[in-house]
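The values are calculated or read from the model by the stated rules, or taken from the named source; none is laboratory data. Quick caveat, the model's predicted, so the values are computed rather than measured. Backbone-built Cβ (ideal geometry, glycine too); neighbour counts: all protein chains shown.
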Amino acid sequence: MSKVDVVLGTFYGDEGKGKIIDYISNNADVSIRCTGGNNAGHTITVNGKKFAFHLIPSGILNKNTKAIIGNGVVIDPKVLIEEIENLKQNGYSVDNLYISDKAHIIMPYHIMMDNLQEELRKDKKIGTTARGIGPAYSDKYERSGIRVEDFISERFEEIVRKNIERKNIIFKNYNKEEINADKVIQEYKEYANYLKGYVVDSVDMIHELLEQGKKVVCEGAQATLLDIDFGNYPYVTSSNPTIGGIITGTGISPKYIGEVYGVLKAYSSKVGEGMYITEQNNEIGDKIRELGHEYGTTTKRPRRCGWLDLVALKYAVRINGITSLAINHVDTIGKLDKIKLCVAYEYNGQKSMRFSTNIDYLNSCKPVYEEFEGNFGNLSGITKKEELPQNALKYLSRIEEIVGVPVKFIGIGADRDDMIIVK
């Protein structure tokens, strides 16, 4: 049996996982997306052209890699079809795409529920992407969800009618437009006919590939601090984008997990509400945002930006069993004259390396910073870590020292080839 390599986000998402996944998948036989829905986005730049993946595994760009959408994903079929068509129009084959029969389908009423719930929260909004992700997972666990195997079967119509009947009671109660079941069924049957040729028993398929010794890569979506259990609740996503979600979102046993790559930026960013202890809501944050083009892949919202938090990073390393780090945007942070790194928290007058998602604790903490020289210069064309300027090396070395995990990948530009691989 072969081992499965995993790529996970360490903070709030948008760390550049797609680029790392793309590189690792180049030598992989299988690339699997495990959790989340089209609220997540991986962007890969190939020969100057950007590809934004919201549901399809990034490994699809490598023609010899099987790309599997795992059972832990919730799928908006309309979005998935748009992604498939975009790939075809750009000359990519999707013959290597597979969809788990156990994944769940996002329906129009999920999107309506998402918007309604956010509206009812008033000034306590979570800041969801309004893509229907949370309500789809809610139905999954409430056992009224629609699996892909239901979606492509004759029982689909009966399930949808029952669900819409129940949801319309809620919509009517809040003076919202009710859903026309006939219209939805007609539209979604067309989507089902389009997608059914891609549907497989993914658990069986994945284990057969492992038994054949195939190299498998699992793609994490979102990131650790957005995890429904281990993130900054309630300002989190609706699934487990940590190592646990990789296992439950694929059916892969923990004993098959090999390398776990934790992806981060050389600074930090966040979309949505919630605590963010190293945020720079000032000129520095604005400068980082513009230098790093920090606008959401899915939402286009401007991201909140700040310094890198090593207390939170060490927490992510513990939760996920991260074996090495992939640090993107080293070139971006190197454009600043001075760089700060959060190396501890000050809590009750004492330095602490304890991270907690408890709001009262975080509100009582202040970041403890160390300052580094920036001005890394032009990093393009550098292929070895030792060729980096001393200022960059000092910054990276301090991260390794405090977190206790080596840096394997160093991102020095936007293109897929702008990366240093540490041997």
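So which residues in region 261-279 are buried (at least 20 other Cβ atoms within 10 Å of the Cβ), part of a loop (DSSP other than H, G, I, E, B) and at pLDDT below 95?
Those that are buried (at least 20 other Cβ atoms within 10 Å of the Cβ), part of a loop (DSSP other than H, G, I, E, B) and at pLDDT below 95: V271, G272, G274, Y276.
Residue by residue, here is whether (1) outside the structural domain of F51 (by TED's automatic domain parsing); (2) farther than 26 Å from N232 by Cα; (3) touching a Phe, Trp or Tyr at 6+ places or on another chain (Cβ under 9 Å); (4) not hydroxyl-bearing (S, T, Y) holds:
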| position | (1), (2), (3), (4) |
| --- | --- |
| D331 | yes, yes, yes, yes |
| T357 | yes, no, yes, no |
| Y361 | yes, no, yes, no |
| V368 | yes, no, yes, yes |
| L379 | yes, yes, no, yes |
| E386 | yes, yes, no, yes |
| N391 | yes, yes, yes, yes |
| I399 | yes, no, no, yes |
| V403 | yes, no, no, yes |
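In this structure, does V217 turn out to be within 30 Å of D29 (Cβ to Cβ), of a type in the set (A, V, I, L, M) and in a strand (DSSP E or B)?
Against the criterion (within 30 Å of D29 (Cβ to Cβ), of a type in the set (A, V, I, L, M) and in a strand (DSSP E or B)), V217 qualifies.
Considering each residue of region 243-258, count those that are hydroxyl-bearing (S, T, Y) and in contact with a strand residue (DSSP E or B) (Cβ under 7 Å, 6 or more places away or on another chain), and give that number. Spell out how you get there, then give the answer.
From region 243-258, those hydroxyl-bearing (S, T, Y) are 248, 250, 253, 256; that's our starting set.
Within this subset, residues satisfying the condition of being in contact with a strand residue (DSSP E or B) (Cβ under 7 Å, 6 or more places away or on another chain) are 250, 256.
Residues meeting the conditions: 2.
Need the failing condition index for S202 against (1) surrounded by fewer than 19 Cβ atoms within 10 Å (Cβ to Cβ); (2) hydroxyl-bearing (S, T, Y); (3) in contact (Cβ under 8 Å) with a residue 12 or more places away in the chain, just the number.
Result: S202 fails condition (1) only.
Only one residue in G220, G197, G213, G258 is crowded, with 16+ Cβ neighbours inside 10 Å and not hydrophobic (A, V, I, L, M, F, W, C). Which one? Steps first, answer last, please.
Details: G197 fails: crowded, with 16+ Cβ neighbours inside 10 Å; G213 fails: crowded, with 16+ Cβ neighbours inside 10 Å; G258 fails: crowded, with 16+ Cβ neighbours inside 10 Å.
After applying the criteria, what remains is G220.
Matching residues to (1) modelled with pLDDT under 95; (2) of a type in the set (S, T, N, Q):
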{"position": "S352", "(1), (2)": "no, yes"}
{"position": "T357", "(1), (2)": "yes, yes"}
{"position": "D360", "(1), (2)": "yes, no"}
{"position": "G374", "(1), (2)": "no, no"}
{"position": "N391", "(1), (2)": "no, yes"}
{"position": "R398", "(1), (2)": "no, no"}
{"position": "V403", "(1), (2)": "no, no"}
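Kindly list the number of the only condition in (1) among the acidic types (D, E); (2) over 29 Å from F53 (Cβ atoms); (3) surrounded by 14 or more Cβ atoms within 10 Å (Cβ to Cβ) that fails for E118.
(2)
I need a count of the residues in region 280-297 that are over 19 Å from G374 (Cα atoms) and surrounded by 17 or more Cβ atoms within 10 Å (Cβ to Cβ).
Total meeting the criteria: 3.
Restricting to region 259-280, name every residue that is touching a strand residue (DSSP E or B) at 6+ places or on another chain (Cβ under 8 Å) and either without any contact (Cβ under 8 Å) to a residue 24 or more places away in the chain or of a type in the set (G, A, S) (or both). Please lay out each step first, then the result.
Filtering region 259-280 down to residues touching a strand residue (DSSP E or B) at 6+ places or on another chain (Cβ under 8 Å) leaves 259-271, 276-280.
G262, A266, S268, S269, listed by residue number.
Please give the number of the condition V311 fails out of (1) surrounded by fewer than 19 Cβ atoms within 10 Å (Cβ to Cβ); (2) touching a Cys at 6+ places or on another chain (Cβ under 8 Å).
Going through the list (1) surrounded by fewer than 19 Cβ atoms within 10 Å (Cβ to Cβ); (2) touching a Cys at 6+ places or on another chain (Cβ under 8 Å), V311 breaks only (1).
If I ask for residues that are part of a helix (DSSP H, G or I), among the β-branched types (V, I, T) and within 16 Å of S238 (Cα to Cα), which ones from region 122-162 would you list? Spell out the reasoning first.
Kept after step one, since they are part of a helix (DSSP H, G or I), are these residues of region 122-162: 122-124, 133-142, 148-151, 156-162.
The next check asks that each one be among the β-branched types (V, I, T); those that pass are 133, 148, 159-160.
Within region 122-162, just I133 meets the criteria.
Hey, among V74, V7, which residue is buried (at least 21 other Cβ atoms within 10 Å of the Cβ), aliphatic (A, V, I, L, M) and under 26 Å from A266 (Cα atoms)?
Working: V74 fails: under 26 Å from A266 (Cα atoms).
Just one listed residue meets the conditions, V7.
Give me the residue from region 176-202 that is acidic (D, E) and in a helix (DSSP H, G or I) and, out of that set, farthest from the chain's Cα centre (by Cα). Quick ask: steps written out before the conclusion?
Here is the first cut: in region 176-202, the ones acidic (D, E) are 177-178, 182, 187, 190, 201.
From what is left, the residues that are in a helix (DSSP H, G or I) are 182, 187, 190.
On the way: D182: 34, E187: 29, E190: 29 Å.
The qualifying residue farthest from the chain's Cα centre (by Cα) is D182.
For the subset of region 350-369 comprising residues that are under 29 Å from L336 (Cβ atoms) and among the aliphatic types (A, V, I, L, M), which member is surrounded by the fewest Cβ atoms within 10 Å (Cβ to Cβ)?
The selected residue is M353.
Would you mention how many residues in region 222-255 are farther than 15 Å from G274 by Cβ and assigned to a helix (DSSP H, G or I)?
8
Residue check: is S100 among the polar types (S, T, N, Q), at pLDDT 95 or above and buried (at least 24 other Cβ atoms within 10 Å of the Cβ)?
Numbers: among the polar types (S, T, N, Q): yes; at pLDDT 95 or above: yes; buried (at least 24 other Cβ atoms within 10 Å of the Cβ): yes.
Yes.
Within region 370-391, how many residues turn out to be buried (at least 19 other Cβ atoms within 10 Å of the Cβ) and under 26 Å from E346 (Cα atoms)?
Number of matching residues: 0.
Looking for whichever is farther than 18 Å from G249 by Cα and either within 14 Å of the chain's Cα centre (by Cα) or surrounded by 24 or more Cβ atoms within 10 Å (Cβ to Cβ) (or both) here; the options are S2, S25. Which one fits?
Working: S2 fails: either within 14 Å of the chain's Cα centre (by Cα) or surrounded by 24 or more Cβ atoms within 10 Å (Cβ to Cβ) (or both).
Going through S2, S25 in turn, just one is farther than 18 Å from G249 by Cα and either within 14 Å of the chain's Cα centre (by Cα) or surrounded by 24 or more Cβ atoms within 10 Å (Cβ to Cβ) (or both): S25.
Within the bounds of region 340-349, is there any residue that is within 19 Å of the chain's Cα centre (by Cα) and over 28 Å from R131 (Cα atoms)? Can you show your working first?
Taking region 340-349 first, the residues within 19 Å of the chain's Cα centre (by Cα) are none.
No: zero hits.
Would a scan of region 277-289 turn up a residue that is farther than 27 Å from V407 by Cβ and touching a Gly at 6+ places or on another chain (Cβ under 7 Å)? Show your work before the answer.
Let us first name the residues in region 277-289 that are farther than 27 Å from V407 by Cβ, namely 281-283, 286.
After this cut, where a residue has to be touching a Gly at 6+ places or on another chain (Cβ under 7 Å) as well, the list is none.
Looking for residues that are farther than 27 Å from V407 by Cβ and touching a Gly at 6+ places or on another chain (Cβ under 7 Å), one finds none in region 277-289, hence no.
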